[in-house]
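**Q** Shown below is the structure under consideration.
Rule-based calculations on the coordinates, nothing more; no lab input. Keep in mind it's a predicted model, so treat the numbers as computed, not measured. So basically every Cβ, Gly included, is an ideal-geometry build from the backbone, and we count neighbours across all protein chains shown.
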Amino acid sequence: MRDITSAREIIAHLRKEIEHHNSLYYIEAKPELSDYDFDRLLEKLITLERQFPDLVTPDSPSQRVGGTITRVFPTVQHREPMLSLSNTYSFGDLEEFYNRLKKLLVLEGVHKQDMVAELKFDGVAVSLLYRKGILVRGATRGDGFQGDDITANIKTIQAIPLRLPDFGNLFAESEESEIEVRGEVFMRKEDFEQLNESRPEEDRFANPRNATAGSLKLQDSAEVARRNMSFVAYFLKGYDEEDASQFLRLRHLEKLGFYTGDNYRLCHELQDISRFIQEWDEKRWKLPYETDGVVLKLNDARLWEKLGATSKSPRWAIAYKYPAQQAKTVLHDVVFQVGRLGTITPVAQLEPVLLAGSTVSRSTLHNFDEIQRLGIMVHDRVIIEKSGEVIPKVISVVFDERPSDAEAVQVPSVCPECGTPLEKPESEVSSYCPNEDECPAQIRGRLLHFASRDAMDIKNLGKALVDQLVNLKLVKDAGDLYLLQEPQLERLKRMGRQSAQNLLRALEESRQKSYERLLYALGIRHVGRATARELASAYPSLSALRQASEVELATVPDIGPVVAKSICDFFSKPSVSEFLEKLETAGLPLNASERKEQVNRNFEGITVLFTGGLDRYDRQKASELVIERGGRVVGSVSKKTGMVVAGHDPGSKFDKAVKLGVRVVSEDEFEAML
Ligand code: IVH
């Protein structure tokens, strides 16, 4: 084992390296390392920190991988209110704002009206608090006065520095030195699409903003870390108050290691503003993230306070929102798709049309009510729109141009696939086919889901093959796949010997996949990759999961009552029992490891803190064991901490725990409790 002095040096070196590459990747968008090599560096750091837990600091890049579970986000007060902006949708209104501001400035004897134009990022506003240069708190805007403390989740965002460089010895000088940075957490289009792919169709996010808002409120920070969110900073307070201008503050933010969006501009006149807006109306579609407008701020920040704000928005700033992009096209037909859960979705088949940089030829109409609401008929001219959403939608019918051959949309009353009368529960907007065991569309959907990349990843099982297997009644559920024989497969269309063998090999390989993937592959309503992961860690075997009650399930992080009910409903179906038996016979991974027993929940609701080194577990493993048993692992001691597990050479947290009267246990006692 290394000694602590050399470990300290190596750790410091690794952290510097990692931060440097992080900044190259996230701030400058010029990565020099492959993702693999970057992960190797991070792993090295994590391993060393595990050996020397006392060298872990709150600003270490290792803290970004998450792992803490927050059950309830505490409410925190903002240092000063987080205001919102008023919106304008026309250049005329913007001009009015500009002239109104001019008058106010003249009253103050100011004749210079420089404005900073910034892109308006479509995400979620947060406030970051740095004390002596260390990130100590991240909070949502909430109602503007108080928001939620989401620090653990914020720390997982790579573009947010955990420690600021101390240029002017600012942090060292003053005990109270406190810097606040505000900005927008957002998701790149690519990351958003990847996230949606891993979610069940019925739970996909409509746009990156919703995805960001949902992700910031997750209880499991390790899951937040996987979501790859980004951050753009647009507000700085407490750093350099002498020459307070928005433009310089943005420059400062960059020096401090923040991404500012790069594309802001200092505008001296109204004309410069209008040029900026026009330019970005086109160019913004090429950006890897979504922007929905331009924010204009008076550059001279010393005047901000004087000018003040109305109840919601400041007088020195405004948002110009781009009108949504629209196009007119023809509705050729409406087809009705049957999903793997039986939901019927009407899909508009459109004359292909170019909209905001891509060709659109299909668009979901969501449900039957939507067809009624729009009053849409086949052959109608329709307006489609792309606003915040990635996928365009039909927003209206051009009734004046309705052609004489317009036909009413034939809304089916029976399943277009199997002819079973459709049902529509009172509480839901969609109709569905109740024939879940026999409807070929649902069987096909479940099989394709089972084989999909994030599930069992059975590459050779494509749509054409699934169609044949189901039509010929060779397969009714994924369990049947494992009973297929080479001669049977060889006889199928476009199959041959080689393809049959490839499929059998792919099926064989799928037996080695993880239990967590299998849980996702089962296709339980509302259970996506992330939920499957949580379930797998709370219930390391399928038999334990099957026995769990709704109430118990709802205590697993990020699982609410709706998901809990859906899981129980799933396991209570007779066809599911049969299906699971087949999977068991086929030798699929029905538990996380050899441990088949159900874990107890004897850490339920207890917060645990580890300090010092443990002999028999590493920190990560010990934390997992606590979380698996319903507990929560925290990084700092307070009166509310349930228990402190003290290993050898415990740190200052041990002393603090003793002082606060928090229960302290040894590794042996901890093990006994497990
Ligand atoms: S400044 C008082 N700048 O838009 C100043 N906001 O509609 C308030 N936003 O709550 C914010 N990009 O969530 C500012 N460059 C930018 C922005 C921006 C996006 C969001 C922010 C704000 C909302 C107001």
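**Q** Subtract the Cα-Cα distance of LEU107 and GLU190 from 0.36 nm times their separation in residues, and report this length gain in nm to one decimal. Let's see the in-between values first.
**A** Values: separation 83, 0.36 × 83 = 29.88 nm, distance 4.81 nm.
Between LEU107 and GLU190, full extension yields 25.1 nm more.
**Q** Non-local amide H neighbours of SER245 (under 5 Å, H modeled in plane, Pro and chain starts lacking H): which ones?
**A** ALA301
**Q** Can you find, among LEU469, PRO487, ILE371, the residue sitting farthest towards the positive end of the charge dipole of the chain, where Lys and Arg contribute +1 and Asp and Glu -1 at Cβ?
**A** So the residue furthest toward the plus end is PRO487.
**Q** Restricting to Cα pairs below 8 Å that are 6+ residues apart, what does the relative contact order work out to for the chain? Please round to a whole percent. Could you put the intermediate results ahead of the total?
**A** Numbers: 1179 pairs, mean separation 71.2, N = 674.
The value is 11 percent.
**Q** Let me ask something additional. In a shell of Cβ-Cβ distance under 13 Å around ASP220, excluding ASP220 itself, what net charge do Lys and Arg (+1) and Asp and Glu (-1) give? List each step's numbers first, then the result.
**A** Numbers: positive: ARG71, LYS217, ARG226, ARG227, ARG529, ARG533, ARG632; negative: GLU223, GLU534, ASP558, GLU624, GLU628.
Cβ neighbours under 13 Å give a net charge of +2.
**Q** Can you compute 3J(HN,Hα) from phi for each residue in the range 75-81, using the Karplus curve 6.51 cos²θ - 1.76 cosθ + 1.60 with θ = phi - 60°, rounded to whole Hz and x for Gly and Pro?
**A** Working through the residues one at a time gives 7, 10, 8, 7, 4, 9, x Hz.
**Q** Shifting gears a bit: Can you tell which of LEU307, CYS433, THR68 lies farthest toward the positive end of the dipole of the chain, using +1 and -1 charges on the Cβ of basic and acidic side chains (Lys, Arg; Asp, Glu)?
**A** The one lying farthest along the dipole's positive direction is THR68.
**Q** For THR359 and LYS16, FRET efficiency with R0 = 60 Å and r from the beta-carbon atoms, rounded to 0.05? Please list the in-between numbers first.
**A** Working: r = 47 Å, r/R0 = 0.78.
Between LYS16 and THR359 the formula returns 0.80.
**Q** How much length, in nm to one decimal, is gained on full extension between SER311 and ASP35, taken as 0.36 nm per residue of separation minus their Cα-Cα distance?
**A** On the way: separation 276, 0.36 × 276 = 99.36 nm, distance 4.65 nm.
Full extension of this stretch gives 94.7 nm more.
**Q** Related question: I need the peptides 196-204, 356-364 ranked by packing, meaning the mean over residues of other C-beta atoms within 10 angstrom, with the highest value on top. List each step's numbers first, then the result.
**A** Working: 196-204: 16.4, 356-364: 13.9.
By packing density, highest mean first, the sequence is 196-204, 356-364.
**Q** Which ³J(HN,Hα) values in Hz, rounded to whole numbers, follow from the phi angles of the range 325-336 under the Karplus curve 6.51 cos²θ - 1.76 cosθ + 1.60, where θ = phi - 60° and Gly and Pro get x?
**A** Karplus values, whole Hz, x for Gly and Pro: 7, 10, 8, 9, 8, 10, 8, 7, 6, 10, 10, 10.
**Q** In addition: Taking a cut-off of 16 Å between Cα atoms, list the aspartates and glutamates near LYS582, but don't count ones fewer than 8 places away on the same chain.
**A** In chain and number order, the partners are ASP437, ASP477, ASP480, GLU508.
**Q** Could you work out the relative contact order of the range 358-445? I mean the mean sequence separation of Cα pairs under 8 Å and 6+ apart, divided by the number of residues, in percent. Don't skip to the end; give the middle numbers.
**A** Working: 108 pairs, mean separation 20.7, N = 88.
With pairs under 8 Å counted, the relative contact order is 23 percent.
**Q** Using the 4.7 Å Cβ rule, please list in number order the cysteines from the chain without any candidate partner.
**A** Isolated Cys, the chain: CYS267, CYS568.
**Q** Additional query: Amide H of VAL665 versus every other amide H placed in the peptide plane: which residues, excluding those fewer than 5 positions away on the same chain, fall under 5 Å?
**A** VAL644, VAL645, ALA646
**Q** For the modelled label position 7 Å from the Cα of ASP281 along Cα-to-Cβ, which residues of the range 345-362 have backbone nitrogen atoms closer than 17 Å?
**A** From the range 345-362, the list is 355-357.
**Q** Right, here's the next one. Provide the FRET efficiency to the nearest 0.05 for the ARG131-GLU671 pair, computing r from the beta carbons and using R0 = 22 Å. Working shown, then result.
**A** Details: r = 37 Å, r/R0 = 1.67.
Efficiency computed from Cβ-Cβ geometry: 0.05.
**Q** Also, quick follow-up: Using 1/(1 + (r/R0)^6) with R0 = 56 angstrom and r between the beta carbons of GLN51 and VAL330, what's the FRET efficiency to the nearest 0.05?
**A** 0.25
**Q** Applying the Karplus parametrisation 6.51 cos²θ - 1.76 cosθ + 1.60 with θ = phi - 60° to the phi angles of the range 524-535, what ³J(HN,Hα) value in whole Hz is obtained for each residue in order, glycine and proline being reported as x?
**A** 5, 3, 6, 9, x, 4, 5, 5, 4, 5, 4, 5
**Q** Using a simple charge model, +1 on the beta-carbon of Lys and Arg, -1 on the beta-carbon of Asp and Glu, nothing else, what dipole does the chain show about its Cα centre, in debye to the nearest 20? Display every interim value, and only then the final one.
**A** On the way: 91 positive and 104 negative charges, 52 e Å.
With only Lys, Arg, Asp and Glu charged at Cβ, the dipole is about 240 debye.
**Q** Would you calculate the separation in nanometres between label points at ARG546 and ILE383, each defined as 7 Å from the Cα along the Cα-to-beta-carbon direction?
**A** Simple spin-label model gives 5.5 nm for this pair.
**Q** Can I ask one more? Let me spell out the model: positive unit charges on the Cβ of Lys and Arg, negative unit charges on the Cβ of Asp and Glu, origin at the Cα centre of the range 1-123. What dipole size does that give, in debye rounded to 20?
**A** On the way: 16 positive and 21 negative charges, 66 e Å.
For this selection, approximately 320 debye.
**Q** With a/c under 1.5 counting as rounded, go ahead and sort the chain into rounded, prolate or oblate using the C-alpha gyration tensor (a ≥ b ≥ c being the square roots of the eigenvalues; past the cut-off, prolate if a/b is larger than b/c, else oblate). Could you put the intermediate results ahead of the total?
**A** On the way: a/c = 2.12, a/b = 1.12, b/c = 1.90.
Here the chain falls in the oblate category.
**Q** Using a simple spin-label model with points 7 Å from Cα along the Cα→Cβ vector, what separation in nm is obtained for GLU80 and CYS418?
**A** So the label points at GLU80 and CYS418 sit 6.3 nm apart.
**Q** So between GLU624 and SER404, what do we pick up on full extension, going 0.36 nm a residue minus the alpha carbon distance? List each step's numbers first, then the result.
**A** Values: separation 220, 0.36 × 220 = 79.20 nm, distance 6.63 nm.
Between GLU624 and SER404, full extension yields 72.6 nm more.
**Q** What does the charge count around PHE654 come to, taking other residues whose C-beta lies under 14 Å from its C-beta (Lys +1, Arg +1, Asp -1, Glu -1)?
**A** My count for the surroundings of PHE654 gives 0.
**Q** Here is a further query. Considering only lysines 8 or more places apart in sequence, or on different chains, count the pairs in the range 275-352 whose C-alpha atoms sit under 26 Å apart.
**A** 10
**Q** Of the peptides 367-376, 452-461, how do they stack up when ordered by the mean number of other Cβ atoms within 10 Å, highest first?
**A** Numbers: 367-376: 16.0, 452-461: 17.8.
For the peptides 367-376, 452-461, the packing ranking is 452-461, 367-376.
**Q** Going highest first, how would you order 151-158, 656-663, 186-193 by mean Cβ packing within 10 Å?
**A** Numbers: 151-158: 23.9, 656-663: 14.5, 186-193: 19.0.
Most protected by this proxy first, the peptides run 151-158, 186-193, 656-663.
**Q** Label GLN488 and ARG302 with points 7 Å out from Cα along Cα→Cβ: what is the distance between them in nm?
**A** 8.3
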